[in-house]
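**Student:** Here's a structure for you.
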């Protein structure tokens, strides 16, 4: 059997607005590859011969890879404004879905589910519900670490850290149109992430943060400026950012700011998100 690639048929369910021509073509080519995968060497329904079918399969695989890259580039515009991490450890015992809805209502463009406490099977229902919430609101859901969960629920994409699943291996699990972001603490790591094929890069911590319990010194605005000059893909600033210090981050060129506690731990998450969005706008950022 020719191995089938992750399906592109869920694309229309996860993208904002009508599909582009590249998205439509990717879906059609994906369907053709899936149909071809059902033919095996001994199939009587294969009048072309195995070598011909195998060659067609390789061509389709190459097309899917090229079209997937095009679609992901088209999605670069999704990485802007407020990006909120939904972490059950940071919500103060409140329902993560409630925090997610409040964040979106406050103007968040992207959400990321980061659940380090539960196994994947236990967090899958929450991921499904968050994907539904995001899809209905026109927001994008990113899954942290778990490429298989991102593929299963049809999320917009995946985010990995420096020691998580390598980009190349993650791509083998994700659908071709799903984006992939990678965390970076140094400029050299950022360059390597883009070389590996990350669709966007996160850089930080910009300010001091205790959210992840990592004792690295903050990078600061000066290093963020270097990251902006270096990055060829959308740049997400992360770490210790709140409404009081977000403006310099946007002014330094970050496409999006990513926060966890600033919204997830806030007494009024919607108001906290709205305040951050206002700061982003006033600093000249796109929301």
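The values are calculated or read from the model by the stated rules, or taken from the named source; none is laboratory data. As the structure is a computational prediction, the values presented were derived from the model and not from experiment. Cβ coordinates were reconstructed from backbone atoms using ideal geometry, including for glycine residues, and neighbour counts include every protein chain displayed.
**Student:** For region 68-112, which positions are touching a helix residue (DSSP H, G or I) at 6+ places or on another chain (Cβ under 8 Å), within 23 Å of residue 171 (Cβ to Cβ) and crowded, with 23+ Cβ neighbours inside 10 Å?
**Tutor:** Result: 68, 71, 85, 110, 111.
**Student:** Answer yes or no as to whether residue 259 is within 22 Å of the chain's Cα centre (by Cα) and not assigned by TED's automatic domain parsing to the domain that holds residue 103.
**Tutor:** no
Listed here are the residues, each with its yes/no results for (1) surrounded by 14 or more Cβ atoms within 10 Å (Cβ to Cβ); (2) in contact with a helix residue (DSSP H, G or I) (Cβ under 9 Å, 6 or more places away or on another chain); (3) under 24 Å from residue 74 (Cβ atoms); (4) assigned by TED's automatic domain parsing to the domain that holds residue 69.
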{"position": "192", "(1), (2), (3), (4)": "yes, no, no, no"}
{"position": "196", "(1), (2), (3), (4)": "yes, yes, yes, no"}
{"position": "206", "(1), (2), (3), (4)": "yes, yes, no, no"}
{"position": "230", "(1), (2), (3), (4)": "yes, yes, yes, no"}
{"position": "234", "(1), (2), (3), (4)": "yes, yes, yes, no"}
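**Student:** Here's another thing I want to ask about it. If only one of 239, 213 is at pLDDT below 95, on the phi > 0 side of the Ramachandran plot and in the same structural domain as residue 110 (by TED's automatic domain parsing), which one is it?
**Tutor:** After ruling out the rest, the residue left standing is 213.
**Student:** Could you list all residues from region 146-156 that are on the phi < 0 side of the Ramachandran plot and under 12 Å from the mean Cα position of the chain (by Cα)?
**Tutor:** Hits for region 146-156 are 146, 147, 150, 151, 155, 156.
**Student:** Okay, moving on. Which of the helices (runs of 4 or more DSSP H) contained wholly in region 113-189 include at least 1 residues that are in contact with a helix residue (DSSP H, G or I) (Cβ under 9 Å, 6 or more places away or on another chain), modelled with pLDDT of 95 or more and closer than 15 Å to residue 201 by Cα?
**Tutor:** 167-173
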